[in-house]
Amino acid sequence: MWDGPTGELTYSGLKVVELAEGLQGEIVGKLLADQGAEVIKVEPPDGSAGRHVGPYADGHDGDPDFSLHFWTYNTGKRSVVIDSATDEGRVRRASLIADADVLITSAGPRDLAGQGIDLEELVARQPELIALSVSPFGLTGPWADRHTSDLVALAAGGILMSCGYDDHSIPPVRPGGNQAFQMAASFGHSGLLLALIERQHTGRGQVVDVSMHEAVAVSGELANPYWFYPRVLLERQTCRHAQPSPTQPALFECADGVQVYFALILSDARTWQTLVAWLASVGLDLDLGDEKYLSLAYRQEHFSHIQTIMESFFLIQDSATVYREAQQRGLPLGPVLAPEQLLEDEHLRERGYFVPVEMPGGERHLFPGAPFRFSFGTGAPAAPPRLGAHTSELLGEEAGAVV
C-alpha cells in the first residue's frame with residue numbers, strides 16, 4: 001500500500017478480494033497490497049489459518065492479531081470477517097466480489113465448490129473479473145483435489161531430489177523459506193498482471209489457473225535439460241548446483257569461523273589467473289604460477305592440491321577481508337550469512353530495504369520492503385490488519401460482527 005504525498009494511505013484503483021487460505025495466494029495478495037491495490041481479505045470468524053501459526057509478538061502467544069507469520073504475508077490488506085458457511089455470509093461475500101477487479105483463491109475445485117464458489121460462473125456473470133486461482137495442483141487433472149505443503153510440493157515437483165549433501169546416505173533436505181509457495185505466488189502474480197494487461201485491450205476478464213505443482217516442476221533448473229537431452233540424472237551436492245557427477249567443493253572456512261562460498265571455476269583462464277595473482281599477494285601461490293597450470297587438464301588433474309592451498313588461504317584471513325578483496329578482483333565470493341545478520345547488512349540498509357511500519361497499537365516494527373523498485377510511485381508495506389478491522393467499514397455492520 002503506497003504512502004502517498006499527503007502521508008495518507010492511498011489506493012491504485014485496483015480492488016482485490018482475497019479468499020485464499022493457502023500461503024501461495026496470500027503472497028500474491030501481499031505483493032498487490034504493497035504496491036497500492038486495495039486487497040480485502042475475507043476471513044472466517046476465528047481468523048484465517050495463518051493467524052494461528054506462531055511465533056507471536058512478545059507477550060501475545062496465541063493472539064490471532066499478533067502472529068508474526070500472518071504479519072509477514074498480509075501487510076497492507078484490509079480484513080473482513082464473514083461466516084461463509086451461512087447463506088447471509090455468502091450473500092455478503094458475493095457483494096464484495098461483485099465490486100472487485102480481481103478475486104484470489106488458493107483451494108482446489110472440490111473445496112471451492114464446497115464453499116459455493118464457481119470461478120467460471122463468476123467470470124461469466126462479471127465479464128471484467130479476473131479470477132486468479134493459485135491452487136496446489138491446478139483446477140483440472142487427476143490430482144486437482146489433492147492437498148499439499150511446501151515440502152510435499154518440492155518433493156512432487158522434483159526439486160527436493162536435488163537438495164542436500166554429498167553423502168547420499170542422507171535423505172534430501174528441504175530448503176527453507178517456503179520456496180514452493182513463493183514460486184507459485186511468483187507465477188500467480190505474473191499471470192495476474194498479464195491478465196490485467198489483456199483486460200486493458202479487450203475489456204474482458206478471465207480465470208487464471210496457476211498450479212503450484214507445475215510452478216515447482218518448471219523450476220528444476222538443470223535437472224530437466226540434463227534428463228531431456230543426454231538422459232542423465234543429477235546428483236545433489238553440498239552447497240553446490242546438482243550435477244551428473246561431483247564437482248569441487250565451494251565452501252571455505254575463514255579465520256573468524258565464517259564460511260564463504262567461492263566456486264572454483266577452473267575452466268575459465270581469466271578467473272584462474274586472477275585467483276593466482278590474489279594468492280601471490282599473500283605469498284600463497286606456491287607452484288600455482290607455473291606455466292603447466294595454464295592447462296585446464298593439468299588443473300583438473302591436480303585439483304586436490306589446489307583445494308588444499310585454497311583452504312589454507314582462507315583460514316589465515318577473516319571473511320570480511322576476503323569478501324571485499326574478491327569483489328574488488330571481480331571474483332564471485334560471498335559469506336554465508338544467517339538470516340538475522342541481514343538486518344545489519346550495509347547494502348540493504350543503504351537501500352532502505354527494511355521499512356519501519358506503524359502497527360495498529362502505535363508500536364513500530366521493521367518489515368521487509370517491496371521487492372520492486374520503480375522511478376515513481378514505488379510501494380511499501382503497511383500494517384497487517386487486525387482481525388475484522390474493516391468489517392464495519394466495508395459491509396456496514398457493527399465492527400467485529402460475523403456476517
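Details
- Separation of the R349 and R125 label points, Cα + 7 Å toward Cβ, nm: 5.4 nm
- Residue (of A131, S281, V91) at the positive-pole extreme of the chain, dipole from beta-carbon charges: A131
- Over the chain, dividing the summed -39,500 (n - 2.57) contributions of all DSSP H runs of at least 4 residues by the number of residues returns a 222 nm mean residue ellipticity of -9500 deg cm²/dmol.
- Taken along the Cα-to-beta-carbon direction at a fixed 7 Å, the label points for I265 and A49 span 4.2 nm.
- Residues S190 and R146, FRET efficiency given R0 of 25 Å [Cβ-Cβ distance, rounded to 0.05]: 0.55
- With contacts taken as Cα pairs under 8 Å and at least 6 residues apart, the chain reaches a relative contact order of 18 percent.
- Most fluctuating residue given options Y73, Y226, Y165, as computed from a GNM of the chain linking Cα atoms under 10 Å: Y226
- Think of each Lys and Arg Cβ as +1 and each Asp and Glu Cβ as -1; about the Cα centre, that makes the dipole of the chain roughly 920 debye.
- D_trans [Stokes-Einstein, Kirkwood Rh over alpha-carbon pairs] for segment 301-402, 25 °C, 0.890 mPa s, µm² s⁻¹: 131 µm²/s
- Estimated D of the chain in µm² per second, where Rh is the Kirkwood radius over Cα pairs and Stokes-Einstein applies at 4 °C, 1.567 mPa s: 53 µm²/s
- Magnitude of the charge dipole, segment 248-335, Cβ model with Lys/Arg +1 and Asp/Glu -1, debye to 20: 260 debye
- Shown here are the Rg and Dmax of the Cα trace of segment 248-335, at 12.1, 34 Å.
- Compactness of segment 191-233 - radius of gyration and Dmax, Cα, Å: 16.3, 47
- Kirkwood Rh (inverse of mean 1/r, distinct Cα pairs), segment 78-158, angstrom: 14.1 Å
- Remark: relative contact order (segment 248-335) = 41 percent; criterion is Cα-Cα distance under 8 angstrom and separation of 6 or more residues.
- Across segment 188-303, Cα-Cα pairs farther apart than 20 Å form 66% of the total.
- Protection proxy ranking, highest mean first, for peptides 106-119, 28-41: 28-41, 106-119, where packing is the per-residue count of other beta-carbon atoms within 10 Å, averaged.
- Rh by Kirkwood over Cα pairs, then Stokes-Einstein D for segment 85-209 at 0.692 mPa s and 37 °C, µm²/s: 199 µm²/s
- Cα principal axis extents for segment 17-91, largest first, Å: 38, 29, 18
- FRET efficiency, 1/(1 + (r/R0)^6) with R0 41 Å, evaluated for I197 and V232 via beta carbons: 0.55
- Segment 33-85 and segment 276-298: distance between their alpha carbon centers, rounded to Å: 57 Å
Laboratory data are not the source of any read-out in this text; all were calculated from the coordinates shown. Remember, predicted model here, so these are calculated numbers, not experimental data. Methodologically, a virtual Cβ is constructed for each residue, glycine included, from the backbone with ideal geometry; neighbour enumeration extends over all protein chains shown.
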